[in-house]
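The values are calculated or read from the model by the stated rules, or taken from the named source; none is laboratory data. Computed from a predicted model, the values in this text were never measured in an experiment. Methodologically, a virtual Cβ is constructed for each residue, glycine included, from the backbone with ideal geometry; neighbour enumeration extends over all protein chains shown. These accessible areas exclude ligands, DNA and RNA; they are computed on the full protein's heavy atoms, side chains included. Shrake-Rupley method; radii C 1.70, N 1.55, O 1.52, S 1.80 Å.
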Amino acid sequence: MAAVLSILQHSTCPENVVFHFLWVRHETEVYSNIKSTFPYLNFKVYRFDSSRVRGLISKSVRQALDQPLNYARVYLAEIIPAEVKRVIYLDSDLVMVDDVGKLWGVDLEDKVLAAPEYCHANFTNYFTEAFWADPELPRIFQGRDPCYFNTGVMVVDADRWRRGNYTQKVEEWMAVQKQKRIYRLGSLPPFLLVLAGNIKAVDHRWNQHGLGGDNIEGKCRSLHPGPISLLHWSGKGKPWLRLDSRKPCNVDHLWAPYDLYRSSKHSFED
């Protein structure tokens, strides 16, 4: 709800924004809350069949990363209607502080996906020693200069994704993971295996990620330097939980204005 509110508030033409919500089961209360809070919102709801992916999920470093809905982005182009040619995938633990239309208008050129790239990150850390020691597996990156990108914010050419059978390509790496344990981070590494080094890079301002800290302890982190268009609490720590527990990080006050359920207990004077 906070993400939706932030997108609408900062959009030049909010009436042009269509939301596609994915969920595992129909939640009547969630649906009614969306309708009552945003009565004019243009949105559609789709059920993600968790059985499609359940047998492919491998245990990762954090239980939240093992939930079937975390893998729904792999099937996004198949779930949404065929007439939808382009979509922005967004995680729910973020707020937009810029016009989403600017991100929508990025030139994908001939790429299937656009996202901020982080080439300073140690790419080898996203895969196990078993992966790099294998004589065949690392060859997947030959001819590419792979960089890490965060899959919580992606502009996707849904048509190109469908035509290129990218869902199947990601699933194939998930099957390899079940056999050989080549990574530890849920749905991210198979995306990197398929697409790293072959995406359209956009400005880092569109994903100020990692505000939730790391995936194990979730310790507080500061903002990265530079302009910001989107704040993303990826990692273990979530702002609503830290606010409710009265142990907020400094960055959590940036999320609080979009919290439609906040109460007087959300105070920074305590």
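Taking the residues in the stretch 1-42 that are assigned to a helix (DSSP H, G or I) and of a type in the set (Val, Ile, Thr) as candidates, determine which candidate is farthest from Asp98 (Cα to Cα). Filtering first and then ranking leaves Thr28. Among the numbered conditions (1) touching a residue at least 60 places away in the same chain (Cβ under 8 Å); (2) farther than 16 Å from Lys111 by Cβ; (3) open to solvent by 20 Å² or more (accessible area, probe 1.4 Å), the only one that Pro138 does not meet is (1). Among the residues of the stretch 188-215, the ones that are part of a loop (DSSP other than H, G, I, E, B) and farther than 17 Å from His232 by Cα come to 4 in all.
In this structure, Val45 does not satisfy being aliphatic (A, V, I, L, M), in contact (Cβ under 8 Å) with a residue 24 or more places away in the chain, in contact with a helix residue (DSSP H, G or I) (Cβ under 6 Å, 6 or more places away or on another chain) and in a strand (DSSP E or B).
Do we have Gly226 as open to solvent by less than 20 Å² (accessible area, probe 1.4 Å) and either within 14 Å of the chain's Cα centre (by Cα) or not acidic (Asp, Glu) (or both) here? No; evaluated as a whole, the condition is false for this residue.
The C-beta contact set for the stretch 78-92 (first residue over 22 Å from Ser6 (Cβ atoms), second residue part of a loop (DSSP other than H, G, I, E, B) and open to solvent by less than 40 Å² (accessible area, probe 1.4 Å), distance under 7 angstrom, 6+ apart or interchain) comprises Ile79/Phe48.
Among the numbered conditions (1) on the phi > 0 side of the Ramachandran plot; (2) open to solvent by 20 Å² or more (accessible area, probe 1.4 Å); (3) in contact (Cβ under 8 Å) with a residue 24 or more places away in the chain, the only one that Gly213 does not meet is (2).
For the stretch 5-34, residues that are loosely packed, with under 14 Cβ neighbours inside 10 Å, at pLDDT 95 or above and β-branched (Val, Ile, Thr) total 2.
When Ser187 is tested against (1) farther than 16 Å from Asp66 by Cα; (2) buried (at least 19 other Cβ atoms within 10 Å of the Cβ); (3) among the small types (Gly, Ala, Ser), only condition (1) is not met. All conditions but one from (1) loosely packed, with under 12 Cβ neighbours inside 10 Å; (2) under 21 Å from the mean Cα position of the chain (by Cα); (3) of a type in the set (Gly, Ala, Ser) apply to Ala133; the one that does not is (2). The residue pairs whose first member lies in the stretch 244-257 and is farther than 14 Å from Lys219 by Cα, whose second member is outside any helix (DSSP H, G or I) and acidic (Asp, Glu), and whose beta carbons are closer than 7 Å, counting only pairs six or more residues apart or on different chains, are Arg246/Asp270. Being among the aliphatic types (A, V, I, L, M), in contact (Cβ under 8 Å) with a residue 40 or more places away in the chain and more than 25 Å from Pro239 (Cα to Cα) is a property that does not hold for Val95.
In the stretch 35-51, the residue that is nearest to the chain's Cα centre (by Cα) out of those that are more than 17 Å from Leu69 (Cα to Cα) and open to solvent by less than 40 Å² (accessible area, probe 1.4 Å) is Phe43.
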